[in-house]
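Report on one structure; see the data block that follows.
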Amino acid sequence: MSVLQGSLLDLADGIEVRPLGTAVQRIDLGKGAWVDRRTGWVGGADELYGALRRDVPWYAERRQMYEGIVDVPRHPVLDECRDALTAHYRDELGEPFVTAGLCLYRDGQDSVAWHGDRVGRSRDEDTMIAILSVGAPRDLALRPRDGGSSVRFAAGHGDLLVMGGSCQRTWDHCVPKTARPVGPRISVQFRVRGVR
């Protein structure tokens, strides 16, 4: 079992959901797709990682992803995160975030293959998927579905990545395996109704 090496830079006193506002950086991917990035969005992310690791009944499914979708986040801080995302993106998105899916990456060999979240409405409508990372940093890679160069975003210790616009339809994403020694990571994916 991998052990989480905590961040020496996260000086929060307890778990703290920090403002989004102007701290969010938008990266335009072209053709209506974009990624928003907010580093260090959740302070005390190592404490949140510990609570989720301890309290969530983790299991591995026999499919491409280690994922479970729950209707209500299993930690009050995840409620606060969902509400902050809804408030920040409501005008652009037009609806609230309602679910939180949780993925546990035990080490560098746990991964998610290339895919787009195109089950449900996201198959033919623009939407958003917000990903909060707690634990050891891992890359989220994106590549255009019709070919082209990929991009990578490192995410960990409370970082937020939001894939929006046409991103789910025009780009695929993955969490690649790595041979580097990395500790465990939990990814929390916030979604709107009817998107998987």
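The values are calculated or read from the model by the stated rules, or taken from the named source; none is laboratory data. Worth saying up front: this structure is predicted, and the values here are computed from it rather than measured. Reconstructed Cβ throughout: ideal geometry from the backbone, glycine too, with neighbour counts over all protein chains shown.
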Within the stretch 106-123, is even one residue over 19 Å from Cys167 (Cα atoms) and of a type in the set (A, V, I, L, M)?
no
Restricting attention to the stretch 80-96, and to residues there that are of a type outside the set (D, E, K, R) and within 13 Å of Gly164 (Cβ to Cβ), which single residue is nearest to the chain's Cα centre (by Cα)?
Leu85
Given the conditions (1) part of a strand (DSSP E or B); (2) crowded, with 21+ Cβ neighbours inside 10 Å, which single one is not true for Val77?
(1)
Residue check for Val182: surrounded by 15 or more Cβ atoms within 10 Å (Cβ to Cβ) and in contact with a Pro (Cβ under 8 Å, 6 or more places away or on another chain):
yes
Assess whether Gly158 counts as being touching a residue at least 40 places away in the same chain (Cβ under 8 Å), over 16 Å from Leu93 (Cα atoms) and in contact with a helix residue (DSSP H, G or I) (Cβ under 6 Å, 6 or more places away or on another chain).
yes
Looking at (1) buried (at least 19 other Cβ atoms within 10 Å of the Cβ); (2) at pLDDT 95 or above; (3) not β-branched (Val, Ile, Thr), which one does Ala100 not meet, given that it meets all the others?
(2)
